[in-house]
Amino acid sequence: MGGNGGRMGGGYGNMTVPVPRHGPQLGPPGRWWDDKRTVRALGLRSDQQRKMDDIFNANKGQLENLLGNLQREEQRLSSLNREDLQDENKVFAAIDRVTVARAELEKASAHVLLLIRKEMDGGQLAALDRETANQQ
């Protein structure tokens, strides 16, 4: 995923759903339920979109906190001084903190996307999965 902390789409000013780096792809990049083309392709209703927005907004603070924690841990790791880099225990402890922070963000992101998917019917889910597969 590179340097964007596991997010797909823009930053948290226009916050998008961070997407898990591994495992099943649960949706296309960003707030796909707001994208007009995707909405048409999936046949999403406005009430579904509102519920998806409500789910996202209810979890936005937690996602922001987890992303901030990941970014802090990545910064701490990258700012280890020369002496610390010679200490295997310090290096691996910093790596472990980054790994845990990333896993927490990925799990929370997957949870939000699974909640959003629950607002869709079977045909919409099949169309979403096809669209997601086509983007890979």
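Per the listing GLU131, GLU119, the residue uniquely closer than 30 Å to LEU44 by Cβ, charged (D, E, K, R) and touching a Lys or Arg at 6+ places or on another chain (Cβ under 9 Å) is GLU119. Among residues of the stretch 36-50 that are more than 14 Å from ARG130 (Cα to Cα), those with a Cβ under 8 angstrom from a residue that is outside any helix (DSSP H, G or I), sequence gap 6+ or separate chain, pair up as LEU44/MET120; GLN48/GLU119; GLN48/MET120. In this structure, does ASN69 turn out to be part of a helix (DSSP H, G or I), more than 17 Å from GLY27 (Cα to Cα), without any contact (Cβ under 8 Å) to a residue 24 or more places away in the chain and among the polar types (S, T, N, Q)? No.
Could you tell me how many of the residues in the stretch 74-124 are in contact (Cβ under 8 Å) with a residue 24 or more places away in the chain, among the polar types (S, T, N, Q) and out of contact with any strand residue (DSSP E or B) (no Cβ under 7 Å at 6 or more places or on another chain)? Count: 1. Is the stretch 97-113 home to any residue that is modelled with pLDDT of 95 or more, in a loop (DSSP other than H, G, I, E, B) and surrounded by 13 or more Cβ atoms within 10 Å (Cβ to Cβ)? No, the conditions are met nowhere in the stretch 97-113.
When the stretch 51-68 is filtered for residues that are within 16 Å of the chain's Cα centre (by Cα), farther than 20 Å from GLN135 by Cβ and surrounded by 14 or more Cβ atoms within 10 Å (Cβ to Cβ), the ones remaining, listed by number, are ASP53, ILE55, ASN59, LYS60, GLN62, LEU63, LEU66, LEU67, GLY68. Within the stretch 34-63, being among the hydrophobic types (A, V, I, L, M, F, W, C) and in a helix (DSSP H, G or I) holds for VAL39, ALA41, LEU42, MET52, ILE55, PHE56, ALA58, LEU63.
Could you tell me whether the stretch 19-42 includes any residue that is at pLDDT below 65, within 27 Å of ALA126 (Cβ to Cβ) and in contact with a Pro (Cβ under 9 Å, 6 or more places away or on another chain)? Yes.
The values are calculated or read from the model by the stated rules, or taken from the named source; none is laboratory data. In this text the structure is predicted, and so the values were computed from the model without any measurement. Glycine gets a Cβ as well: all are built from the backbone with ideal geometry, and neighbour counts include every protein chain shown.
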